[in-house]
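Novice: Structure incoming, see below.
The values are calculated or read from the model by the stated rules, or taken from the named source; none is laboratory data. Model, not experiment: these values are computed from the prediction. Cβ atoms come from the backbone with ideal geometry, glycine included; neighbour counts cover every protein chain shown.
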Amino acid sequence: MKTVGDEWAVARGFDTNRTPRMGAGMGEAGGRGRRELEAGSVSADEDARSRLISNRRARRLRRFWRMLPSAPRCKICTSPFGPPVGPVLRLIGKGRWPGNPKYCGGCFRDLYRHREGAEVECTLFFADIRGSTRLAESMPPSEFRELLDRFYATAAEVLVRHEAVVDKFVGDEVVGIFIPALSGELHARRAIDAGIDLLRAADHSDGDPWVPIGIGVNTGTAYVGAVGTAEHVEFTALGDAVNVTARLASAAGAGELLITESAARAAQFAAAGLAHRRLELRGKTSATEVIVLSVGQATGDSLNVG
């Protein structure tokens, strides 16, 4: 069975079922070799040798990091985060990655440096505060900021616990990406579980949430990687699947988790007996069928894997 680190190394980023479109996740040789190959300055055999050397170096580095004390460690390269070694490694970019602190920034360095990524099937997660305009109107700005900070922290903790990448905080919205190489084959299932956990954390199970949240979960192909300018680069997901998920979160009522049929299939999710809804999403030419889930339904047979 492949570990997360093995899968990342084999896929050189995310997807073992597609031709990779990015440089090596660990080390600069993979990305540089790919660019030289495309430019015609190296042969395919030379490129293969370069990748083999790069993979060997990565394995040797992982063995070296494992010899050092200071758990916890990066789940990809095993470099330690804790003292006494962790603080020193932060100076060379091996500190915790903002997208998910279970990984180190060094394992994503080349993606950021060369602004690379890949088209992969993944599951997108959008959580939106319902009625945020009314909430902001009803309290002082500093109090609203405290509410948003609590929402951000709660959502980020849930997403990280379920092996997601925390994409961004945008106003009253939190975005997460569940990538197979980091979240596993049941990335869609993890996203659904994260949605239920976030609704519970917001006290929707009690009927009196401290913040009203609507969530959208969708599985589809997106471009995932580092995008931006030389001065400002972000790790994010782009494409129609992302736009659909954002529309779902906007359409979800307080306490609702809307799940597309593609996400339900990918999650092997048994949706029998659950409410279904047909949505006319803004910008889409055809209706979108979704499953409507709430905290009260997230028990027993309704969440069985098919």
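Novice: Restricting the search to the range 171-191, which residues are aliphatic (A, V, I, L, M) and in contact with a strand residue (DSSP E or B) (Cβ under 6 Å, 6 or more places away or on another chain)?
Specialist: Selection gives V174, V175, I177, I179, A188, A191.
Novice: Quick one: which of S205, S262 is touching a helix residue (DSSP H, G or I) at 6+ places or on another chain (Cβ under 6 Å), part of a helix (DSSP H, G or I) and surrounded by 16 or more Cβ atoms within 10 Å (Cβ to Cβ)?
Specialist: S205
Novice: Any idea how many residues of the range 208-226 are of a type in the set (A, V, I, L, M, F, W, C), modelled with pLDDT of 95 or more and surrounded by fewer than 24 Cβ atoms within 10 Å (Cβ to Cβ)?
Specialist: 2
Novice: Within the range 265-306, count every residue that is modelled with pLDDT under 85 and assigned to a helix (DSSP H, G or I).
Specialist: Counting residues in the range 265-306 that are modelled with pLDDT under 85 and assigned to a helix (DSSP H, G or I) gives 6.
Novice: Separate question: What do you reckon, is V166 surrounded by fewer than 24 Cβ atoms within 10 Å (Cβ to Cβ) and part of a strand (DSSP E or B)?
Specialist: Answer is yes for this residue.
Novice: Kindly indicate which of A156, A181, A191 is under 11 Å from the mean Cα position of the chain (by Cα), without any contact (Cβ under 8 Å) to a residue 24 or more places away in the chain and in a helix (DSSP H, G or I).
Specialist: That would be A156, the only listed residue that is under 11 Å from the mean Cα position of the chain (by Cα), without any contact (Cβ under 8 Å) to a residue 24 or more places away in the chain and in a helix (DSSP H, G or I).
Novice: Please verify whether the range 239-256 includes one or more residues that are of a type in the set (K, R), under 22 Å from V158 (Cα atoms) and surrounded by fewer than 22 Cβ atoms within 10 Å (Cβ to Cβ).
Specialist: Among the residues of the range 239-256, at least one is of a type in the set (K, R), under 22 Å from V158 (Cα atoms) and surrounded by fewer than 22 Cβ atoms within 10 Å (Cβ to Cβ), which makes the answer yes.
Novice: A follow-up question, please. Residue under question is G220, and the condition is that it be among the small types (G, A, S), closer than 24 Å to V158 by Cβ and in a strand (DSSP E or B); does it hold?
Specialist: Yes; evaluated as a whole, the condition is true for this residue.
Novice: Assigned by TED's automatic domain parsing to the domain that holds A267, β-branched (V, I, T) and either farther than 15 Å from G214 by Cα or touching a residue at least 60 places away in the same chain (Cβ under 8 Å) (or both): does that describe V170?
Specialist: no
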